[in-house]
């Protein structure tokens, strides 16, 4: 168990014609026993980062240390890292059970202990029924679980999980997320999870590193990311359904703060709900971008009015879309709401739920009336 | 008379039966979602209706007319494919125009039809592009526009949102109902995403094991699932289950040796072995009642999912709104089960028991 | 890792040069020979320094071959024309028959379908002589010996299986959904075949056509047995250079250069399709 530190890491891919800067000045400290997710869409640099940590790729600049020891120059086999691959990469001539036991065998663990560990791991991942089968004869989801098991069963300083749950059967996902998180905690596994799926990152990670264009955008806990996104990118990237975005111009006086939203909507709040420092900033930068999460929009009386586009109940939540000034605004409620498409609906939002971004720099100015 | 009706429709390849004796009626303008896992034959069903594949037995009627001898090009059907199936050597505009040209429409009518469909789907700006120059989202919209262009009586949509990214899928899900209603067509929509099914359907036909297990409104499917299988397919996280038996008084089930009272009266089934099912969002934290240890806390969008181990080792999930107070992993909590999300299923048949 | 050492580059360069020399040497040598007299070709030691002459080409074009033993009549230009006619006609007919058949084998499962396809392919394994003996008897009876029709017919044994099997693969790689989409859009089966299937398989059809042309062009034994002088292609006609007074190497070389030209031009023209075709086939649509 060890702390992983990436210090000013760069990755540049050079071809004859051009150089691609895939990862730029990347700094990250993963505490011992912490689960960190690298989250971003394809091409954001998360996979390059993972491959540098695993040793499949050289670092162009910077250092990587694990437990205080520099590892970036070591071959993959000497880094003490266990990895679950996105493409499973199980050994085809070995049974699922032998695949999971592979590293244990190599470490010359007594057979009885090997068996016990493999069995416990297989039970956790619900593959105990297929241990004698070969990878080619089981489903993609089962192969992925076997690959995960092969990585987790090892003793390693660091666990790297590359899109480890993408192919899992939907009915199993929630339970396995819980069990795996419990397992990683229990064994204080320092873990890096690479994923493009924010649901997975939110569920499993203690902290999430959001990446885009090779640059770390924000590194924070899931709750923090949701409540205090550092910029418009993380604000709109994190959260399902995504945040509603409005361009607005602020007008404020001693009593009230008014947001004139493009499209005609006007949001007014008592000035007392905003910190003095923020009010000052808003006077200097009246052109802002407002972000409002769908859950913060409540149906009923309110200043945001429009016609209902659709009202969709999904069992545990209702998604309501209304058309406001030619665009669609989404509100989500935990309860069941029944609105007819075409009918009028008003939505309200509390000042505490407003995310205010600088329209030029796109960085966050304030969350809930307090400076970011 | 229904616009589309299937009677005892069966399809098999050699000895392998894809589905057997399906019956379904869809009214004009109705959106029926065919829901099922992969390999259940949803796509094959659409192909049969489109006429590009032939059923082994049974009839398909379109507007009351037996379609058996009607060639696909004369069925008045529009279809969008999961892999888009755009014609790669034609521009987006020509793709959309193809059904209009097939009807020998005048150039003016073709142009008008393409423009209308393109505007509806917001792809006016890429009409001149070849399919390979389009993003997945644009491809999918082009495919939908092509399916809608000739204003078909029946619209077959084969998991059209499968291959587009999550954001676009969400946007399209909100937009589609309006679009489909405007077309006035009877829609058969295939998906394996239960949220899409619930969001779009007037009725959902759940296809499993070669049969329609339940054909009902989203509300009925979710709140009154016909079988344990259906209950499992709808809901994220999936329904919690426990094998037990109904007590002799018909008012409780046995959980880890203790009676757990159930809201409805099951006297008629007293003593019967059942599967007790409770939806994660119907599990709430209480001050007394069944105790459970919190194993892990996993946030899921605006909810928090708890992995719990209850008395007797029963592993279950609870899904709470994130506004609720969330316990720490390792702590012990008491659980309560809301009646609405609690069901008993016959252990032998999987059918839901009516209390 | 993503960088290669200088040594690696050097070795790679040397190996590539060796391969190029190995494959190009005969062609270059033949080209040089075609501009030399028999004497300068046969001189020992051989040399690349010589006075070029076009007399070999002149002899081929005029049909007058002067040898040490006197003048001989040649009908090489007739042979060349025969080759062009036989090969192109065979390929065209094989395409007309083979492309629809390939489509049928790719799309429809019918009784004995696989067996028929395999039987057609098996013509390619059988030694040509095995087929030729009985065939020459039939041809004599039917009066097809030494006719273009007869030869083109026999050439189908070369062209048809090739086209059938290559094009079939391309049709199989086309997603049936694209054809279904076109049917549903309101077009008949034949319109879909013409407007969708054929255009999309065109690179494959071009590749198969070119290959079939090359195989037909290079055929020797069918024409040797079934045709006499006036219908023989270049491959057989080249035998005329083996004369009583020795082998006319210079004219053989010139004849080879002549006979490479049509295939070469065709390959150049079809190259674009070929490359596209060979790579398209690998990617599932």
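The values are calculated or read from the model by the stated rules, or taken from the named source; none is laboratory data. For clarity, every value in this text was computed on a predicted model and none was experimentally measured. Neighbour counts are summed over all protein chains in view; Cβ atoms, including those assigned to glycine, are modelled from backbone coordinates with ideal geometry.
Numbers for the structure displayed
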item: Residues that are over 30 Å from residue B:33 (Cβ atoms) and within 14 Å of another protein chain (Cβ to nearest Cβ), drawn from region B:243-277; result: none
item: Qualifying residue in region B:7-27 (condition: part of a loop (DSSP other than H, G, I, E, B), over 20 Å from the mean Cα position of the chain (by Cα) and at pLDDT below 95); result: yes
item: Only one of A:126, A:163 that is in contact with a strand residue (DSSP E or B) (Cβ under 6 Å, 6 or more places away or on another chain) and at positive phi; result: A:163
item: Matching option when the condition is more than 9 Å from every other protein chain (Cβ to nearest Cβ) and assigned to a helix (DSSP H, G or I), among B:174, B:168; result: B:168
item: Hits in region A:279-300 - residues which are in contact with a strand residue (DSSP E or B) (Cβ under 7 Å, 6 or more places away or on another chain), within 14 Å of chain B (Cβ to nearest Cβ) and not in a helix (DSSP H, G or I); result: A:292, A:297, A:298
item: Any hit, region B:190-201, residues being more than 8 Å from chain A (Cβ to nearest Cβ), surrounded by fewer than 22 Cβ atoms within 10 Å (Cβ to Cβ) and outside any loop (DSSP other than H, G, I, E, B); result: no
item: Condition check for residue B:140: surrounded by 19 or more Cβ atoms within 10 Å (Cβ to Cβ), within 14 Å of another protein chain (Cβ to nearest Cβ) and in contact (Cβ under 8 Å) with a residue 24 or more places away in the chain; result: yes
item: Positions within region A:181-198 being more than 8 Å from chain B (Cβ to nearest Cβ), touching a helix residue (DSSP H, G or I) at 6+ places or on another chain (Cβ under 7 Å) and closer than 15 Å to residue A:151 by Cα, in sequence order; result: A:183, A:191, A:192, A:193, A:194
item: Contacts under 8 angstrom Cβ, first residue in region A:204-224 being within 12 Å of chain B (Cβ to nearest Cβ), partner surrounded by fewer than 17 Cβ atoms within 10 Å (Cβ to Cβ) and modelled with pLDDT of 95 or more, 6 or more apart; result: A:206/A:221; A:208/A:221
item: Residues (without any contact (Cβ under 8 Å) to a residue 24 or more places away in the chain, over 11 Å from residue A:160 (Cβ atoms) and assigned to a helix (DSSP H, G or I)) located in region A:49-108; result: A:77, A:78, A:98, A:105, A:106
item: Where residue C:48 falls short, out of the listed (1) surrounded by fewer than 16 Cβ atoms within 10 Å (Cβ to Cβ); (2) not in a loop (DSSP other than H, G, I, E, B); result: (2)
item: Test result for residue C:198, in contact (Cβ under 8 Å) with a residue 60 or more places away in the chain and away from chain B (no Cβ under 14 Å); result: no
item: Residue in region B:304-321 that is surrounded by the most Cβ atoms within 10 Å (Cβ to Cβ), counting only those that are more than 7 Å from chain A (Cβ to nearest Cβ) and within 25 Å of residue A:225 (Cα to Cα); result: B:318
item: Tally, over region A:306-358, of residues that are in a loop (DSSP other than H, G, I, E, B), more than 10 Å from chain B (Cβ to nearest Cβ) and in contact with a helix residue (DSSP H, G or I) (Cβ under 9 Å, 6 or more places away or on another chain); result: 2
item: Any chance residue A:180 is buried (at least 23 other Cβ atoms within 10 Å of the Cβ) and over 15 Å from the mean Cα position of the chain (by Cα); result: yes
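For every residue, the table says whether it meets (1) more than 30 Å from residue C:229 (Cα to Cα); (2) in a helix (DSSP H, G or I); (3) within 14 Å of chain B (Cβ to nearest Cβ); (4) touching a residue at least 60 places away in the same chain (Cβ under 8 Å).
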site	(1), (2), (3), (4)
C:149	no, yes, no, no
C:153	no, yes, no, no
C:163	no, yes, no, yes
C:171	yes, yes, no, yes
C:177	yes, yes, yes, no
C:183	yes, yes, yes, no
C:190	yes, yes, yes, no
C:193	yes, yes, yes, yes
